Amino acid sequence: MRSLPTILLVAFLARPDASIAQDIAPPAVDPRIQKIVASISEDRLSALVQKLAGFGTRNTLSDTSSPTRGIGAARQWIFDELTRSSPRLQVSFDTHKLARQGRITRNVDLQNVVALLPGKSPRRIYVTAHYDTVNIGEEGQISANTRAPSNTPRPDAQQRRNFDYNADAPGANDNGSGTALTMELARVLAESGLEFDATLAFVLWAGEEQGLMGARAHAMELFKDKVPVDADFNNDIVGNSRGGDGTTDAESVRVYSEGPEDSMSRSLARHIARAAAVYVPSHKVRLIARQDRFSRGSDHTAFTQYGFPAVAFRESKEDFSRQHAATDTVDGVDVRYLAQNARVNLAGVASLALAPPAPIVTNPRGQMMIGRQPSGYDANLRWNASPGAASYRVYWREAWTTDWQHSQAVGDVTEFMLPKLSIDNYVFGVAAVGPGGHESLVSAYVPPPRRDPVVKLR
Ligand SMILES: [Zn+2]
């Protein structure tokens, strides 16, 4: 490793402004966030996972008449449990009358369960997981993973005429783990006594296993109603630490985010890694610059589909033989590992919800407010003031890198100039900083997608 003076010297030679710039420092510790991170209960997570698996199946098309088995019983219990966990949570069913389509083989009333924790502003941060389950028969997901490649597509198991929607599908890990995590975060954040700037929405989706139906229907309405959504922390399969290949990993979690590289989803992923490094240093966040795993998906994609920033948390080691099968039972959930993943989520959510919204860096015509003024060789950045911001921090990095390399606190301004720094060689971004020091996501200045003319031939 290079010594610190060498780094400073190199930085100084490269940048005349180096005397005031800082290399990236971790965010300041907020003892209030430390306290709520410490209040995650492994016992409650364990009890929630057991209860969820105990409904036998939570298939979206399963029987709803039983008070103890099937999705009807499960969603009512989730509703009641969220209501019980804090009087500050506004709990409701988010019902969508789905028509028959694809794996939804008959008309059905799909019900997501929503718990809102109102903040000072209506902008929303989502914490989500699907609570529905599926048993696709045979040996579940491992049979799909190990099948030899073929040019003839196999018929979809869920669309077979004799498919049994009431077969055992306990879904302890897929996705009792994410459901329990979301419910525990709802309890801890609502009972924290903290007043958040953002409104927090904890949502348990149905219909994920039939193609993200519940999340897509919800996101479509958010888009139509122009609800400001700053982030979706989606958790799906986050409780198992023993891979089906015999390897184990209880020390890290994967976070998938869709590009391009400076999308707000990627900005959200970076924020989570920074917050986790401060509040849960014993757990590693492994950022993955992909929308999701190959041929697999989850509800975060319903959010990115409508332009809302979203990430997916995934356990580091999967056991495919226990997914989408009757074998997805509670003994496959490592509650200590699940609790660590809950703490990482909590650190990211709380620090973001206490911060102001990210600055808007485009003008009303959608153009990036970045230029080379005044010398023609400078980096001139402008942005719109964020409501509630006390100051701003500018970030930059070499354009062929993934994470910010330098930052500078710039005070309560909406324009800043970095002299003789080429906007063509660096990526720039700006974050809003609240009075308590919490930073928003970084809004990056990126070139718009090119719309090249097509040559006309005669
Ligand atoms: Zn799942």
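Quick notes on this structure:
- Residue identified as under 21 Å from Asp299 (Cα atoms) and within 24 Å of the chain's Cα centre (by Cα) among Leu45, Leu116, Leu89, Leu61: Leu116
- Those residues of segment 295-326 which are in a loop (DSSP other than H, G, I, E, B) and within 15 Å of the ligand (Cβ to nearest atom), in sequence order: Ser295, Arg296, Gly297, Ser298, Asp299, Glu318, Asp319, Gln323, His324, Ala325
- Residue check, Gly119 within 30 Å of Gly348 (Cβ to Cβ) and of a type in the set (Gly, Ala, Ser): yes
- Taken as a whole, the structure places Asn234 among residues that are within 15 Å of the chain's Cα centre (by Cα), crowded, with 16+ Cβ neighbours inside 10 Å and in contact (Cβ under 8 Å) with a residue 12 or more places away in the chain.
- Taking segment 131-230 as the region of interest, the helices (runs of 4 or more DSSP H) fully inside it that hold 1 or more residues being buried (at least 19 other Cβ atoms within 10 Å of the Cβ) and within 17 Å of the chain's Cα centre (by Cα) are 176-190, 213-224.
- Tallying residues that are out of contact with any Lys or Arg (no Cβ under 6 Å at 6 or more places or on another chain), of a type in the set (Lys, Arg) and under 30 Å from Asp164 (Cα atoms) within segment 308-345 yields 2.
- The residue pairs whose first member lies in segment 88-117 and is at positive phi, whose second member is not in a strand (DSSP E or B), and whose beta carbons are closer than 7 Å, counting only pairs six or more residues apart or on different chains, are Gly102/Gln210; Gly102/Gly211.
- Meets criteria (farther than 30 Å from Val37 by Cβ, within 15 Å of the ligand (Cβ to nearest atom) and at pLDDT 95 or above) for Val108: no
- All positions within segment 313-324 that are buried (at least 24 other Cβ atoms within 10 Å of the Cβ) and farther than 17 Å from Gln340 by Cβ: Arg322, Gln323, His324
- Residue within segment 239-246 that is assigned to a helix (DSSP H, G or I) and at pLDDT 95 or above present: no
- Inter-residue pairs, beta-carbon under 7 Å, first under 17 Å from Asp109 (Cβ atoms) and in segment 206-224, second acidic (Asp, Glu) and in a helix (DSSP H, G or I), 6+ apart: Gly214/Glu208; Ala215/Glu208
- Residues of segment 116-134 that are closer than 21 Å to Phe55 by Cα and in contact with a Ser or Thr (Cβ under 8 Å, 6 or more places away or on another chain): Thr128, Ala129, His130, Tyr131, Asp132, Thr133.
- Residue count, segment 297-317 (criterion: out of contact with any Asp or Glu (no Cβ under 9 Å at 6 or more places or on another chain) and on the phi < 0 side of the Ramachandran plot): 2
- Within segment 369-423, strands (runs of 3 or more DSSP E) holding 1 or more residues that are more than 32 Å from the chain's Cα centre (by Cα): 415-418
- Test result for Ala167, closer than 20 Å to Gly332 by Cα and out of contact with any strand residue (DSSP E or B) (no Cβ under 9 Å at 6 or more places or on another chain): no
- Near pairs, Cβ below 6 angstrom, 6+ apart or cross-chain, from segment 118-143 (within 22 Å of Ala269 (Cα to Cα)) to any residue that is within 16 Å of the ligand (Cβ to nearest atom) and part of a loop (DSSP other than H, G, I, E, B): Thr128/Asp299; Ala129/Asn175; His130/Asn175; His130/Asp299
- Test: residue in segment 265-272 that is in contact with a helix residue (DSSP H, G or I) (Cβ under 9 Å, 6 or more places away or on another chain) and surrounded by fewer than 21 Cβ atoms within 10 Å (Cβ to Cβ): no
- Conditions (1) among the charged types (D, E, K, R); (2) surrounded by 15 or more Cβ atoms within 10 Å (Cβ to Cβ); (3) closer than 27 Å to Phe308 by Cα: number failed by Glu398: (2)
- Arg266 being assigned to a helix (DSSP H, G or I) and either aromatic (Phe, Trp, Tyr) or over 17 Å from His283 (Cβ atoms) (or both): yes
- Taken over segment 225-255, the residue count meeting the criterion of being of a type in the set (S, T, N, Q), closer than 25 Å to Leu441 by Cβ and away from the ligand (no atom under 16 Å from the Cβ) is 1.
- The one condition in (1) within 16 Å of the ligand (Cβ to nearest atom); (2) within 30 Å of Ser41 (Cα to Cα) that Gln141 fails to fulfil: (2)
- Selection within segment 184-212 - within 16 Å of the ligand (Cβ to nearest atom) and not acidic (Asp, Glu): Val203, Leu204, Trp205, Ala206, Gly207, Gln210, Gly211, Leu212
- Cross-chain or 6+ apart pairs with Cβ under 8 Å, segment 395-422 first and farther than 18 Å from Arg270 by Cα, then assigned to a loop (DSSP other than H, G, I, E, B) and of a type in the set (Gly, Ala, Ser): Asp412/Ala389; Asp412/Ala390; Thr414/Ala385; Pro419/Ser375; Lys420/Ser375
The values are calculated or read from the model by the stated rules, or taken from the named source; none is laboratory data. Bear in mind that the values here come from a model prediction, so they are computed numbers and not experimental data. Virtual Cβ from ideal backbone geometry, glycine too; neighbours counted across all protein chains shown.
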